[in-house]
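Comments concern the structure below.
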Amino acid sequence: MGGLLLVVPEGRAAEPALRIEFESEARSFDRAALLARADARSILVPNDVAYRRDMRFRAVPLLALLADLPLERADTLETRATDGFVSQLPMALVLKAASGGSVPWVAIEEAGAPWPPMPGRGKSAGPFYIVWLDPGRSDVGREQWPYALSSLAAVDSPVRRWPRIAVDPALPADDLARRGQAVFIVQCLPCHRVRGGGEGEMGPDLVEPRSPTEYMTPTGLEAQIRDPKSLRSWPSQQMPGFDEGALPAPELAAVIAYLRHMADRREAAR
């Protein structure tokens, strides 16, 4: 299928710009053009995910930038950041904005008014950052607020692209591992792969060659996910902790069930 692409051109002197492509469609906006759009707004984002406090941004609606493109032909918007973070945004989630759901905006860092460094990151979330208004309406997860964008592409859903990450199709619809697959795709796939499937490069594959469910105790694995620094810490450590607010206990249990199931799938395939 065709790709929808937002590209931030390389080069220190170049003005950050967004290029959008979908099949035969192509459009590009530099930062000045985006800020001058009639639909650009100053929006207040309560308890912003990246900054952990209320933030005000100059932004344009994401759907406005995608206007007139055949979005119904795309399953997923895949965002890629300059640090390698890759997030999968279901197109259905983005389109809910038109029917009362959470509304995604592309926040634009102004040259004359740069954003402050993110807590613990030492850099801002710019030059472009997808933020959400009323995220609770559509249960938008923390990993679905991609910042420091370098690209955004329309792709097939993760399970269609990488069948190896899928649970056994014979599992019942209400099986805990099946629920864990859905949670893993949102919360973990941005940084980790499963049996080689995925685009994440910031963390290891969580099934190959071994799943952490095979060499960690249940208590240790939960601690690793909740607060990695409680087990071990080093200066370049990148994995954040997932507290109860980011990953409720039932979802944590589902992720662990998924990893255990995928380890069994790996062994069965040998």
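The values are calculated or read from the model by the stated rules, or taken from the named source; none is laboratory data. Keep in mind the model is a prediction, meaning the values are calculated, not measured. Note: ideal-geometry Cβ built from the backbone for every residue, glycine included; neighbour counts use all protein chains shown.
The table below gives the values:
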item: Residue count, segment 227-243 (criterion: buried (at least 16 other Cβ atoms within 10 Å of the Cβ) and either touching a Lys or Arg at 6+ places or on another chain (Cβ under 7 Å) or at pLDDT 95 or above (or both)); result: 1
item: Odd one out for ASP174, checked against (1) under 25 Å from ALA74 (Cα atoms); (2) loosely packed, with under 15 Cβ neighbours inside 10 Å; (3) charged (D, E, K, R); result: (1)
item: Qualifying residue in segment 90-100 (condition: among the small types (Gly, Ala, Ser), free of Cβ contacts under 8 Å to residues at least 24 places away in the same chain and not assigned by TED's automatic domain parsing to the domain that holds ILE185); result: yes
item: Residue in segment 222-245 that is nearest to ALA257 (Cα to Cα), counting only those that are under 21 Å from the mean Cα position of the chain (by Cα) and not in a loop (DSSP other than H, G, I, E, B); result: ILE225
item: Test: residue in segment 208-219 that is more than 22 Å from the chain's Cα centre (by Cα), hydroxyl-bearing (Ser, Thr, Tyr), part of a helix (DSSP H, G or I) and buried (at least 20 other Cβ atoms within 10 Å of the Cβ); result: yes
item: Cβ pairs under 6 Å, 6+ apart, first in segment 60-75 and small (Gly, Ala, Ser), second not in a helix (DSSP H, G or I); result: ALA64/ASP39; ALA74/ALA154
item: Close pairs from segment 249-270: first on the phi > 0 side of the Ramachandran plot and surrounded by 18 or more Cβ atoms within 10 Å (Cβ to Cβ), partner among the charged types (D, E, K, R) and at pLDDT 95 or above, Cβ under 9 Å, at least 6 apart; result: none
item: Test: PRO158 is buried (at least 19 other Cβ atoms within 10 Å of the Cβ) and more than 16 Å from LEU62 (Cβ to Cβ); result: yes
item: Test result for ILE20, in contact with a Leu (Cβ under 7 Å, 6 or more places away or on another chain) and closer than 21 Å to ALA153 by Cβ; result: yes
item: Selection from segment 51-74 of residues that are at pLDDT below 95 and outside any helix (DSSP H, G or I); result: ARG52, LEU66, ALA67, ASP68, LEU69, PRO70, ALA74
item: Residue within segment 178-186 that is at pLDDT 95 or above, in contact with a helix residue (DSSP H, G or I) (Cβ under 9 Å, 6 or more places away or on another chain) and farther than 23 Å from MET239 by Cα present; result: yes
item: In segment 80-94, residue nearest to ARG19 (Cα to Cα) [restricted to those that are of a type in the set (A, V, I, L, M) and buried (at least 18 other Cβ atoms within 10 Å of the Cβ)]; result: ALA81
item: Residue tally, condition under 17 Å from the mean Cα position of the chain (by Cα) and part of a loop (DSSP other than H, G, I, E, B), over segment 246-257; result: 2
item: Counted residues, segment 36-61 - those being touching an Asp or Glu at 6+ places or on another chain (Cβ under 8 Å) and either surrounded by 16 or more Cβ atoms within 10 Å (Cβ to Cβ) or more than 16 Å from TRP105 (Cβ to Cβ) (or both); result: 6
item: Selection from segment 122-151 of residues that are in contact (Cβ under 8 Å) with a residue 40 or more places away in the chain and basic (Lys, Arg); result: ARG137, ARG142
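Let's see how each residue does on (1) over 27 Å from MET202 (Cβ atoms); (2) modelled with pLDDT under 90; (3) aliphatic (A, V, I, L, M):
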{"position": "PRO90", "(1), (2), (3)": "no, no, no"}
{"position": "LEU93", "(1), (2), (3)": "no, no, yes"}
{"position": "ARG142", "(1), (2), (3)": "no, yes, no"}
{"position": "LEU152", "(1), (2), (3)": "no, yes, yes"}
